[in-house]
Structure formats: C-alpha cells, structure tokens
Amino acid sequence: MRPDDDDVLSSPPAARPERPAAGRSVHGDPADPAEPANPLTQPASSGNSGGAAGAPSRRHFLKTALLASAATAGAAGAGGVLLSNGSPHLHPLRLVRSAVSGACQNPSPTAVLTFSVQPGEIVAGNPDAFTITARDAFGDISCYTGTVHFTSSDPSAILPADVTYTLGDAGSHGFSVTFNTPGTQTVTVTDTSNPVLTATSTPVTVHDGTPVALKFSGLPPGASVGAAFGFTVMALDALNNIAPTYTGTVHFTSSDPSAILPADVTYTLGDAGSHGFSATFNTPGTQTLTVTDTSNPLLTAISAPIPVTP
C-alpha cells in the first residue's frame with residue numbers, strides 16, 4: 001500500500017529527502033515553472049506542510065486542480081458542481097462569480113425575485129416607481145430571462161404589462177404602478193412559468209389626494225403703502241404636494257383693516273391646485289394675510305409677517 005503523500009512529506013526532518021537540485025522535483029521529474037500565487041487557492045504555511053516553510057503539499061496541488069476544473073465547468077454553465085468534500089463554502093460557481101465582472105456572467109439559476117427598490121408612500125392616481133431584481137441562492141444578481149406578471153391588493157391599480165427580462169436587463173428592471181384606492185396597498189410580482197418565483201412589496205400608504213392645507217407662496221419680503229404685490233395660494237395634500245384636483249373657494253382677510261384684498265375665488269381643475277392673487281396694504285407696520293376655504297374652515301393659512309413702509 002502506498003503511504004499517503006502528506007504522511008510522507010510530514011515525516012520528521014531526518015527522514016526527509018535531500019532538497020532537489022534546481023530544475024528537479026522531489027520525485028525526480030522536471031520541475032514545473034513557477035506560477036503566480038492565487039489568493040483563492042494559496043494556503044497559509046502550517047506546521048505539517050511537509051516541505052520548506054510555506055510550501056504547499058502535493059495533496060494541496062491535487063485539490064487546487066480539482067477546484068480549477070470544477071470552476072471551469074461552472075463557468076461553462078455546468079451549474080451546481082461541488083467539490084468532493086461537499087463543502088458549500090467551496091462552491092465553484094461562487095468562486096467564478098468573484099473573479100468576473102458584470103451581473104450576467106453569473107451562471108447560477110434564479111432563486112428569488114426581490115423588490116430592490118420599493119414603491120413609496122404616495123397620493124392615489126400618481127405613478128409609483130419600483131425595481132424588481134432577480135437573485136441566485138447566494139443573493140447575487142442572476143442572469144434572469146423569465147417573464148413577470150403583476151397583481152395588486154388595489155383592484156383599481158394600473159399595473160405594468162407582463163415583461164420578459166433580457167440579458168441586457170442584467171437581472172434588474174424598473175417598473176411603476178398607479179394605485180387608485182386610498183389605504184394600505186401592495187403590488188406582487190410572479191414569474192409566469194415558475195410561480196415559486198414571486199415577491200410582494202412592503203405595504204404602501206396611499207393617500208386620497210384630498211387637500212389638507214392651504215399655503216402662501218411668493219410673498220414679498222416687504223411692501224409699501226398703496227403698492228400692490230402678487231402672491232400665490234396653493235392647496236396641499238397629505239404629502240405636502242400640490243393637490244391638483246382642488247376646486248374649493250377661498251376668502252381673504254388681513255391684519256390691515258384698510259388693505260385691498262382679492263375677491264373670493266373658486267379654483268378650477270385648470271388651476272391644478274395653485275392660483276395667483278394680488279393685494280395692497282394701506283397701513284404702515286407689520287401686516288399679514290389670511291386665506292380660508294369657505295366650505296372647510298380647517299383649510300386656512302396665515303402669511304408670514306410683512307413689513308409695510310409708508
């Protein structure tokens with residue numbers, strides 16, 4: 001029986017053969033040309049290395065050859081090859097991925113679909129962007145080329161059409177959904193050929209777009225008695241965005257009893273939630289304007305103080 005190579009090489013120093021002459025190996029064969037160190041396979045030196053300090057054993061070279069062979073097979077699409085010791089940490093595809101650039105060099109099959117960008121809090125009727133990314137069992141982006149279909153908890157949602165990923169997508173594709181029902185909603189993506197590949201977004205708060213506040217904009221830092229100035233009043237929704245569907249009527253008052261104020265105005269859809277006005281202060285000092293919705297007194301706003309000079 002031939003003894004194990006490591007046992008021979010790890011014998012006490014007295015039993016080791018003489019260091020071979022240059023150009024010869026310990027077995028009398030021509031020495032292999034030096035190779036650059038490979039950080040994936042070069043071992044640290046250890047007490048039982050069996051040769052000169054830091055020199056790898058023959059078993060290590062055999063293991064390195066097996067690893068390189070398996071990695072090459074994996075890169076060619078042989079997927080799922082494991083080393084003979086069965087260790088998941090030495091999966092050759094994992095090593096191949098670490099050495100190449102570009103998501104679509106990854107030969108591993110897609111294991112999950114994920115929302116790499118989640119849809120966010122939004123007002124009903126507005127598009128909400130998100131991104132679906134395909135990943136393998138290690139969490140790396142995969143070269144997914146499946147077709148995805150979308151559903152939603154919102155029966156009135158406007159959803160993306162089915163999309164087939166291409167290699168040009170590099171495993172990631174952007175979409176948008178328009179929720180039309182206020183409340184908490186979600187969107188779900190599913191592979192049309194493999195229903196196991198599915199994912200649901202985090203819950204999204206969808207506001208109804210009803211104006212919750214009025215706001216002054218464009219007021220001057222100061223005014224002169226008798227000189228008109230312009231400004232804008234906007235209707236805002238719960239997310240502090242302009243509420244384009246506001247059609248209320250607004251009324252103005254002022255701390256200046258002599259001010260010339262705008263007449264009541266009813267917003268139209270053409271105003272898109274924003275309307276321009278003008279006013280004139282006639283009393284020197286610091287003055288303010290107030291605007292109020294005539295049907296909903298909670299919709300009111302007071303301007304910042306405006307210095308009025310004679």
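The values are calculated or read from the model by the stated rules, or taken from the named source; none is laboratory data. Not measured: the values here are computed from a predicted model. In this analysis, Cβ positions are derived from the backbone assuming ideal geometry, glycine residues included, and neighbour counts consider all displayed protein chains.
Within the range 221-240, the set of residues being over 15 Å from residue 293 (Cα atoms), part of a loop (DSSP other than H, G, I, E, B) and not small (Gly, Ala, Ser) comprises 221, 225, 239, 240. Across the range 272-295, the qualifying residues are those that are in contact (Cβ under 8 Å) with a residue 60 or more places away in the chain and within 16 Å of residue 234 (Cβ to Cβ), and the one among them that is surrounded by the most Cβ atoms within 10 Å (Cβ to Cβ) is 289. Identify all residues within the range 164-192 that are at positive phi and over 18 Å from the mean Cα position of the chain (by Cα); write none if there are none. 183 - this is the single residue of the range 164-192 that is at positive phi and over 18 Å from the mean Cα position of the chain (by Cα).
Give the number of residues within the range 120-172 that are farther than 30 Å from residue 238 by Cα and surrounded by 13 or more Cβ atoms within 10 Å (Cβ to Cβ). Explain how you work it out, then say what you get.
Step one: list which residues in the range 120-172 are farther than 30 Å from residue 238 by Cα, which gives 133-149, 162-172.
Going one step further and asking which of them are surrounded by 13 or more Cβ atoms within 10 Å (Cβ to Cβ), we end up with 133-138, 140-149, 163, 165, 169-172.
Matching residues across the range 120-172 total 22.
Evaluation of residue 183 against the conditions (1) modelled with pLDDT of 95 or more; (2) out of contact with any Pro (no Cβ under 8 Å at 6 or more places or on another chain) shows that the sole unmet condition is (1). Could you grab me the full set of residues in the range 180-208 that are hydroxyl-bearing (Ser, Thr, Tyr), in contact with a Gly (Cβ under 9 Å, 6 or more places away or on another chain) and closer than 15 Å to residue 160 by Cβ? Within the range 180-208, just 192 meets the criteria. One residue alone among 236, 269, 298 is within 35 Å of the chain's Cα centre (by Cα) and closer than 30 Å to residue 120 by Cβ, and that residue is 236.
Could you tell me which residue of the range 265-290 is farthest from residue 211 (Cα to Cα), considering only residues that are part of a strand (DSSP E or B) and in contact with a Pro (Cβ under 9 Å, 6 or more places away or on another chain)? Steps first, please.
Of the residues in the range 265-290, the ones part of a strand (DSSP E or B) are 265-266, 274-280, 285-287, 289-290.
Add one more test, that the residue is in contact with a Pro (Cβ under 9 Å, 6 or more places away or on another chain), and what stays is 274, 277-279, 285-287.
Details: 274: 12, 277: 19, 278: 23, 279: 24, 285: 33, 286: 29, 287: 27 Å.
Among those residues, the one meeting the criterion is 285.
Considering only the range 134-157, state which residues are acidic (Asp, Glu) and touching a residue at least 40 places away in the same chain (Cβ under 8 Å). Steps first, answer last, please.
The initial filter retains those residues of the range 134-157 that are acidic (Asp, Glu), namely 136, 140, 154.
140, 154 - these are the residues of the range 134-157 that are acidic (Asp, Glu) and touching a residue at least 40 places away in the same chain (Cβ under 8 Å).
Among the residues of the range 198-211, is any farther than 30 Å from residue 132 by Cα, touching a residue at least 40 places away in the same chain (Cβ under 8 Å), exposed (fewer than 15 other Cβ atoms within 10 Å of the Cβ) and out of contact with any His (no Cβ under 9 Å at 6 or more places or on another chain)? No, the range 198-211 contains no residue that is farther than 30 Å from residue 132 by Cα, touching a residue at least 40 places away in the same chain (Cβ under 8 Å), exposed (fewer than 15 other Cβ atoms within 10 Å of the Cβ) and out of contact with any His (no Cβ under 9 Å at 6 or more places or on another chain). In the range 241-264, what residues are part of a loop (DSSP other than H, G, I, E, B), at pLDDT below 95 and of a type in the set (A, V, I, L, M)? Selection gives 243 alone. Total residues in the range 188-197 satisfying the condition of being hydrophobic (A, V, I, L, M, F, W, C) and either surrounded by fewer than 16 Cβ atoms within 10 Å (Cβ to Cβ) or free of Cβ contacts under 8 Å to residues at least 60 places away in the same chain (or both): the figure is 1.
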